[in-house]
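A.B. asks: Let me begin by handing over the structure; questions about it come next.
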């Protein structure tokens with residue numbers, strides 16, 4: 001049985017290790033203690049793709065999709081479709097995290113804070129998602145509704161919000177500097193934190209609403225097995 005406090009600590013520690021390692025290699029690189037072309041940097045930096053942080057974030061998204069699917073399984077058909085559709089969205093997000101599908105949205109020739117122009121269609125898609133899922137969100141239990149909102153704000157604040165100062169910095173100073181690495185660290189850390197909160201909220205919902213899951217998820221930290 002998995003205790004929610006233990007799950008929270010596990011996600012916090014794993015996220016801190018991934019983000020901390022990414023920051024450490026960038027600091028080492030920009031202070032002259034690590035070769036910029038070192039495999040340690042390409043493998044651990046939050047500013048690179050196809051490495052440990054990418055794998056971890058994609059795993060969080062995939063796990064969230066699985067949890068959402070289980071939430072849908074616990075409901076009757078009219079409400080199940082919303083959970084299943086949300087699970088499909090997170091599966092697509094996991095795929096995007098792995099192979100960068102959003103890079104195909106760079107069609108606009110913008111500058112400044114909108115240098116990474118994918119944020120414009122990305123923001124439009126996010127607004128459409130919010131409009132489509134507003135009634136579903138309002139119908140959730142209060143703790144779940146608040147938890148989903150907190151996770152959304154943290155994740156979107158990183159994924160979309162932090163792209164604005166990052167794009168502005170990149171246009172003026174490039175990406176081979178500590179300033180860019182620091183902004184990217186904040187962005188990726190917010191995404192991982194938001195997904196971690198989301199997973200905890202899903203686990204809590206399954207514990208309270210899904211009889212088959214309540215046998216495996218406990219609210220106590222005194223669980224004998226994990």
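A.B. asks: By how many degrees, 0 to 90 and rounded to 10, does the Cα axis of helix 163-173 deviate from the longest principal axis of the chain?
C.D. replies: 10 degrees
A.B. asks: Let me ask something else. As a check on your grasp of the helix formula, calculate [θ] at 222 nm for the chain: sum -39500 (n - 2.57) over DSSP H runs of n ≥ 4, divide by the residue count, round to the nearest 500.
C.D. replies: On the way: 9 runs with 160 residues, N = 226.
So the calculated ellipticity at 222 nm is -24000 deg cm²/dmol.
A.B. asks: Oh, and also: Simple spin-label model, 7 Å along Cα-to-Cβ: residue 153 to residue 55 in nm?
C.D. replies: Distance between the two pseudo-spin positions: 3.4 nm.
A.B. asks: Which entry in [x] 16; [y] 22; [z] 54 is this structure's computed percent of Cα pairs over 33 Å apart?
C.D. replies: Step by step, percent of Cα pairs over 33 Å apart for this structure corresponds to label [y].
A.B. asks: Now a separate question. Using packing as a proxy for protection, rank 126-138, 58-70 so that the peptide with the highest average count of other Cβ atoms within 10 Å comes first.
C.D. replies: The packing order, highest mean first, is 58-70, 126-138.
A.B. asks: Further question: Please determine, in degrees from 0 to 90 and to the nearest 10, the orientation of helix 119-138 with respect to the longest principal axis defined by the Cα atoms of the chain, where the helix direction is its Cα long axis.
C.D. replies: Helix 119-138 sits roughly 10 degrees off the main axis of the chain.
Readers should treat all values here as calculations from the given coordinates under stated rules, not as data from a laboratory. Keep in mind that this is a model prediction, so the values were computed, not measured. Neighbour counts are summed over all protein chains in view; Cβ atoms, including those assigned to glycine, are modelled from backbone coordinates with ideal geometry.
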